[in-house]
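Working notes for the structure below.
No lab work stands behind these numbers, since they all come straight from the coordinates. Here the structure is a predicted model, which is why all the values come from computation and not from measurement. Reconstructed Cβ throughout: ideal geometry from the backbone, glycine too, with neighbour counts over all protein chains shown.
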Amino acid sequence: MDLRETSKLLYQLKLANQEMMTKFEEQTGFSITRYELMQVLRENAPCSQSLIQTALKIDSAAVTRHLKILEEKNYVTRERNKENNREVMVTITDSALQSLETCDAKHKAEKKFDLGLTEQEEKTLLELLTNLV
């Protein structure tokens with residue numbers, strides 16, 4: 001693939017990303033990063049901010065910004081680790097768990113988040129994109 005074709009491919013990925021992120025947030029009420037962050041907490045809480053950073057592959061400032069927003073919505077709590085005062089532990093709240101369950105149930109019932117791909121194509125796309133990062 002020459003440079004122009006590579007550029008077209010990357011630009012299409014950028015446009016697809018913008019479109020899908022907007023659609024996801026409109027339909028779920030969550031940005032994709034905050035949704036994934038809450039899923040990490042759902043599966044690992046309580047956990048450190050550094051674990052979240054590693055899981056999401058974002059910098060510590062971004063984690064802090066997202067956690068502040070989620071904290072304001074009463075979706076997470078943060079407190080210093082009593083055994084290691086430098087570490088901040090994050091816990092997902094019952095309110096957040098309820099919001100996630102409502103979101104999941106709505107999605108399952110309506111099945112309206114459609115990427116325009118078959119289930120197999122979605123799995124293949126996920127596999128290909130995972131290989132890139």
**Study point:** Matching residues, the stretch 1-28, being within 12 Å of the chain's Cα centre (by Cα) and in contact (Cβ under 8 Å) with a residue 60 or more places away in the chain
**Key:** 24, 28
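Can you tell which of 62, 105 is aliphatic (A, V, I, L, M) and within 16 Å of the chain's Cα centre (by Cα)?
Values: 105 fails: within 16 Å of the chain's Cα centre (by Cα).
Only one candidate passes the filter, namely 62.
Condition check: of a type in the set (A, V, I, L, M) and over 21 Å from residue 128 (Cβ atoms). Does residue 89 satisfy that? Show your work before the answer.
Details: of a type in the set (A, V, I, L, M): yes; over 21 Å from residue 128 (Cβ atoms): yes.
Yes.
Determine which member of the set 37, 41, 67, 56 is touching a Cys at 6+ places or on another chain (Cβ under 7 Å) and hydrophobic (A, V, I, L, M, F, W, C).
Details: 37 fails: touching a Cys at 6+ places or on another chain (Cβ under 7 Å); 67 fails: touching a Cys at 6+ places or on another chain (Cβ under 7 Å); 56 fails: touching a Cys at 6+ places or on another chain (Cβ under 7 Å).
Every option except 41 fails the conditions.
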Review point. When residue 117 is evaluated against the numbered criteria (1) surrounded by 15 or more Cβ atoms within 10 Å (Cβ to Cβ); (2) out of contact with any strand residue (DSSP E or B) (no Cβ under 8 Å at 6 or more places or on another chain), which criterion, by number, is the only one it fails?
Key: (1)
